[in-house]
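Chemist: Dropping the structure in here first, questions after.
The values are calculated or read from the model by the stated rules, or taken from the named source; none is laboratory data. Note that the coordinates shown come from a computational prediction; the quantities given were computed from them, not determined experimentally. Every residue, glycine among them, receives a Cβ derived from its backbone with ideal geometry; neighbour counts consider all protein chains shown.
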Amino acid sequence: MAKLYFITGSQDLYGEQTLEQAFRHSLEMADYLSGQLKGVACVECLPIVRNSEEIIEVCQKASCDPDCVGVITWMHTFSPAKMWIKGLQRLTKPLLHLHTQYNERLPYETIDMDFMNLNQSAHGDREYGFILARLGIRHHVAVGYYKDENTVAEIRRFAETAKAVEFSKSLKVAMLGNNMREVAVTDGDRVESQIRYGWEVNYYGVGDLASLVCEVTEAEVQEKLGEYLSAYEMRTDDTDTVKEQAKYEIALKRFLKQDGLGAFTDTFQDLHGLAQLPGLAVQRLMAEGIGFGAEGDYKTAALNAVLWKMAEGRGGATGFMEDYTYDLADGIVLGAHMLEVSPVFAASKPGIEVHPLSIGGKKPPARLVFDGIAGDAVAVCMTDMGDRFRLICAEIELIKPPKPMPELPVARLMWKLKPNFKAGAKAWLEAGGGHHTVVSTALTAEDIELFAKLTDTELIVIR
C-alpha cells in the first residue's frame, strides 16, 4: 500500500509537554487523513522533528522507503527553517506543505500564551514556506482546516499525483520498431526522458513479438475468443482475422510481462513477421492501463500510462487519442486513429469488425468500432522543445456524434475545444502541440498542473 509520511516540525524551545501534545495532535490528524484517503494511500505519522539531524534522518527515510510516495509537512509550532535545509536537499519524494491547524476555531475565552506557543502554524509555516522557496524545492501547498472537505480533496489530489510520479520513475517503455519516418513531433530525447521522469525507453525488434505470436496455442486463442464474444458484438464472419488479433494480445501480454514493461509503441512501417497491424489487441491492453503510442510515439505511450495511474480509482476514462479531422461549420473535432482507441471510451457495447487498412501493406486487421462517450475532459500532449519538455493541456467537451457515421471503420470521439474552436486550435498550434494526445474524463487541468509542478515540467493550459 502506498503511503505518505506525515512530518510535523517544531523545536526544543517549548519543552517536552508541548512536544508531546503536538505529537498527539499529529497522530490524530494523520489517522483522520489516512481514513479519508482509504484506497489511495495511508498516512503514516512520524515523530516530531526538532533539529537538523532529525530532519535529515526522516527525509532520508522517506527517500529510501519504496512504499513512500510522498511527504506531508506541517509546522505545528515555529520551526526554524535553517535546520530544514540539509534534510530537504536529501528528499527525493514529492512534497506537500499542509498549512493547517489542529484547532479550527480560536478558544476566545481561554486562549493564553501556552495555546499560542503550541498552535502557531500561521507563524511556523511562513518560516518553512520561505526556505522551500529559497531552495527552489518543487512542492505543492494545501491551505485549510485539515478536516475540511476541500482540503482533504486537495491532499487526495496530491496523493494520486505523487503515486503517478513514483510510478513514472520505474516505468519501462518498449518501442517495437522506431519512430515513424520523417515525423518530428512524436520524436524525443529518450535519455532526457529517463533523467527527468525515470522512463526507460528502449528499442525492440518487432520480430521479438512475432516469435511470441508463433508460440500461442489454439486453446489459448479459443479462450480469448470466448472473452471477445462475451464483451463485444461480433460484426464479422472473418474469425481467422479475429483469432490473429487474439494471438497478438496474448503475445503482447507475455512480451510486456517478461521485461516489466508498462507501455509500448508500434508502427505500421515495421510489421515484419506480423500479418496485421495490432488493433483489437492494443485496444484491449489500453483498457487495462497499458500505455500506448502509435507510430513510435514513446512520449504519448509513457504519458498514457502515467495519467492512467493518476486517474486510478476515479470514475471516467483515460486513453490514447489523435486529432484527425474537423467539422469546421460546427467547430467539432473528430478524434480517432487507424485502429487504436481504447474501449473505455465506448458509449455502448463495441463491435468487432474487419476492414482493410490502406497503409502498411498487411492484411485487413480486426478492431473494435464504437461511438465515444460525452462529458468534460482534458486532452494532454507532451512535446520535446529541444532544451525542455512541454506539457500542453486543453480543456474539451466530449459530445455525441451529431449524425451517424456508418462508413467510418474505426472507433471515434468527438469534442469541442474550449473556450471555442478558433481560440483553442490556435493556442494549441502556437504551443507546438502534437496530433497524438492522452484524453481523460477522469482528470482535470488542475491534476495536470500538479503533475507538471512536481516534475518541474513546462505547462501550457488552454481553457
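Chemist: Got a sec? Which of ALA346, ALA374 is more than 14 Å from ALA287 (Cβ to Cβ) and either of a type in the set (S, T, N, Q) or assigned by TED's automatic domain parsing to the domain that holds LEU429 (or both)? Don't jump to the end; show me each part of the working.
Modeler: Numbers: ALA346 fails: more than 14 Å from ALA287 (Cβ to Cβ).
Within the list ALA346, ALA374, the selection yields ALA374.
Chemist: Also: So, in the range 99-118, how many residues would count as being surrounded by 18 or more Cβ atoms within 10 Å (Cβ to Cβ) and in contact with a Leu (Cβ under 9 Å, 6 or more places away or on another chain)? Show your work before the answer.
Modeler: Step one: filter the range 99-118 for residues surrounded by 18 or more Cβ atoms within 10 Å (Cβ to Cβ), giving 99-102, 118.
Cutting the leftovers down to in contact with a Leu (Cβ under 9 Å, 6 or more places away or on another chain) gives us 102.
So the count comes out to 1.
Chemist: Test LYS299 against the stated conditions and say whether it is among the basic types (Lys, Arg), touching a strand residue (DSSP E or B) at 6+ places or on another chain (Cβ under 8 Å) and either in a helix (DSSP H, G or I) or touching a residue at least 24 places away in the same chain (Cβ under 8 Å) (or both). Write out each step before concluding.
Modeler: On the way: among the basic types (Lys, Arg): yes; touching a strand residue (DSSP E or B) at 6+ places or on another chain (Cβ under 8 Å): yes; either in a helix (DSSP H, G or I) or touching a residue at least 24 places away in the same chain (Cβ under 8 Å) (or both): yes.
Criteria met by LYS299.
Chemist: Okay, moving on. Being assigned to a loop (DSSP other than H, G, I, E, B), closer than 19 Å to GLY375 by Cβ and in contact with a Leu (Cβ under 8 Å, 6 or more places away or on another chain) narrows it down to one residue among GLY316, GLY273, GLY335; which is it? Before you say what the answer is, go through the steps one by one.
Modeler: Working: GLY273 fails: closer than 19 Å to GLY375 by Cβ; GLY335 fails: assigned to a loop (DSSP other than H, G, I, E, B).
The unique qualifying residue is GLY316.
Chemist: For the range 338-353, enumerate the residues that are part of a strand (DSSP E or B) and of a type outside the set (A, V, I, L, M).
Modeler: Going through the range 338-353, the residues part of a strand (DSSP E or B) turn out to be 346, 351-353.
Passing the criteria: GLY351, GLU353.
Chemist: Mind listing just one residue for me: the one in the range 33-65 that is among the acidic types (Asp, Glu) and out of contact with any Leu (no Cβ under 9 Å at 6 or more places or on another chain) and, of those, surrounded by the most Cβ atoms within 10 Å (Cβ to Cβ)?
Modeler: GLU54
Chemist: Moving to a separate point now. Taking the criterion of being at pLDDT 95 or above, within 26 Å of the chain's Cα centre (by Cα) and under 30 Å from ILE195 (Cβ atoms), would at least one residue in the range 122-130 satisfy it?
Modeler: Within the range 122-130, not a single residue is at pLDDT 95 or above, within 26 Å of the chain's Cα centre (by Cα) and under 30 Å from ILE195 (Cβ atoms).
Chemist: What are the residues in the range 329-351 that are touching a residue at least 40 places away in the same chain (Cβ under 8 Å) and among the aliphatic types (A, V, I, L, M), if any?
Modeler: Step one: of the range 329-351, the residues touching a residue at least 40 places away in the same chain (Cβ under 8 Å) are 330-347, 349-351.
Selection gives ILE332, VAL333, LEU334, ALA336, MET338, LEU339, VAL341, VAL344, ALA346, ALA347.
Chemist: Answer yes or no: is there a residue in the range 66-77 that is without any contact (Cβ under 8 Å) to a residue 60 or more places away in the chain, surrounded by fewer than 19 Cβ atoms within 10 Å (Cβ to Cβ) and of a type outside the set (Gly, Ala, Ser).
Modeler: The initial filter retains those residues of the range 66-77 that are without any contact (Cβ under 8 Å) to a residue 60 or more places away in the chain, namely 66.
If we keep only those that are surrounded by fewer than 19 Cβ atoms within 10 Å (Cβ to Cβ) too, we end up with 66.
Narrowing the set further to residues that are of a type outside the set (Gly, Ala, Ser) leaves 66.
Yes: the range 66-77 contains one or more residues that are without any contact (Cβ under 8 Å) to a residue 60 or more places away in the chain, surrounded by fewer than 19 Cβ atoms within 10 Å (Cβ to Cβ) and of a type outside the set (Gly, Ala, Ser).
Chemist: Then there's this: With the requirement that a residue be without any contact (Cβ under 8 Å) to a residue 60 or more places away in the chain and either among the polar types (S, T, N, Q) or surrounded by 17 or more Cβ atoms within 10 Å (Cβ to Cβ) (or both), what does the range 421-448 give you? So that I can check it myself, show each step before the final result.
Modeler: Here is the first cut: in the range 421-448, the ones without any contact (Cβ under 8 Å) to a residue 60 or more places away in the chain are 423-431, 433.
Scanning the range 421-448 gives GLY424, ALA425, ALA427, TRP428, ALA431, GLY433.
Chemist: Looking only at the range 250-294, how many residues end up being among the acidic types (Asp, Glu) and surrounded by 24 or more Cβ atoms within 10 Å (Cβ to Cβ)?
Modeler: Restricting attention to the range 250-294, the residues satisfying the condition of being among the acidic types (Asp, Glu) are 259, 266, 270, 288.
If we keep only those that are surrounded by 24 or more Cβ atoms within 10 Å (Cβ to Cβ) too, we end up with 266.
Adding up the residues that qualify gives 1.
Chemist: Could you look through the range 180-234, keep only residues that are in contact with a Phe, Trp or Tyr (Cβ under 6 Å, 6 or more places away or on another chain) and under 20 Å from LEU252 (Cα atoms), and pick out the one that is surrounded by the fewest Cβ atoms within 10 Å (Cβ to Cβ)? First the steps, then the outcome.
Modeler: Within the range 180-234, the subset in contact with a Phe, Trp or Tyr (Cβ under 6 Å, 6 or more places away or on another chain) is 193, 201, 209, 212.
Retained after the next criterion (residues that are under 20 Å from LEU252 (Cα atoms)): 201, 209, 212.
Numbers: VAL201: 23, LEU209: 24, LEU212: 18.
Looking at residues that are in contact with a Phe, Trp or Tyr (Cβ under 6 Å, 6 or more places away or on another chain) and under 20 Å from LEU252 (Cα atoms), I get LEU212.
Chemist: Looking for whichever is of a type outside the set (Lys, Arg) and not assigned by TED's automatic domain parsing to the domain that holds GLU458 here; the options are ALA162, ALA184. Which one fits?
Modeler: Values: ALA184 fails: not assigned by TED's automatic domain parsing to the domain that holds GLU458.
Checking each option against the conditions leaves just ALA162.
Chemist: Which pairs do you get when a residue that is more than 26 Å from GLN89 (Cβ to Cβ), found in the range 105-132, comes within reach of a residue that is aromatic (Phe, Trp, Tyr), reach meaning Cβ atoms under 6 angstrom, with the pair 6+ apart or on two chains?
Modeler: Between residues of the range 105-132 that are more than 26 Å from GLN89 (Cβ to Cβ) and residues that are aromatic (Phe, Trp, Tyr), the close pairs are ASN117/TYR14.
Chemist: Which condition does LEU339 not pass, out of (1) closer than 21 Å to MET286 by Cα; (2) modelled with pLDDT of 95 or more, if it passes all the others?
Modeler: For LEU339, the exception is condition (2).
Chemist: When the range 232-246 is examined, which residues are found to be without any contact (Cβ under 8 Å) to a residue 60 or more places away in the chain and under 29 Å from the mean Cα position of the chain (by Cα)?
Modeler: Pass one, the range 232-246, residues without any contact (Cβ under 8 Å) to a residue 60 or more places away in the chain: 237, 239-240, 243, 246.
The answer is ALA246, and nothing else.
Chemist: Considering PRO406, PRO401, PRO356, which residue is touching a residue at least 12 places away in the same chain (Cβ under 8 Å) and part of a loop (DSSP other than H, G, I, E, B)? Let's see the steps before the verdict.
Modeler: Values: PRO406 fails: touching a residue at least 12 places away in the same chain (Cβ under 8 Å); PRO356 fails: touching a residue at least 12 places away in the same chain (Cβ under 8 Å).
When all the criteria are applied, what remains is PRO401.
Chemist: Now a separate question. Can you pull out the residues in the range 232-264 that are in a loop (DSSP other than H, G, I, E, B) and of a type in the set (Val, Ile, Thr)? Give the steps one after another, and end with the answer.
Modeler: Here is the first cut: in the range 232-264, the ones in a loop (DSSP other than H, G, I, E, B) are 232, 235-238, 259-262.
Listed by number, the list holds a single entry, THR236.
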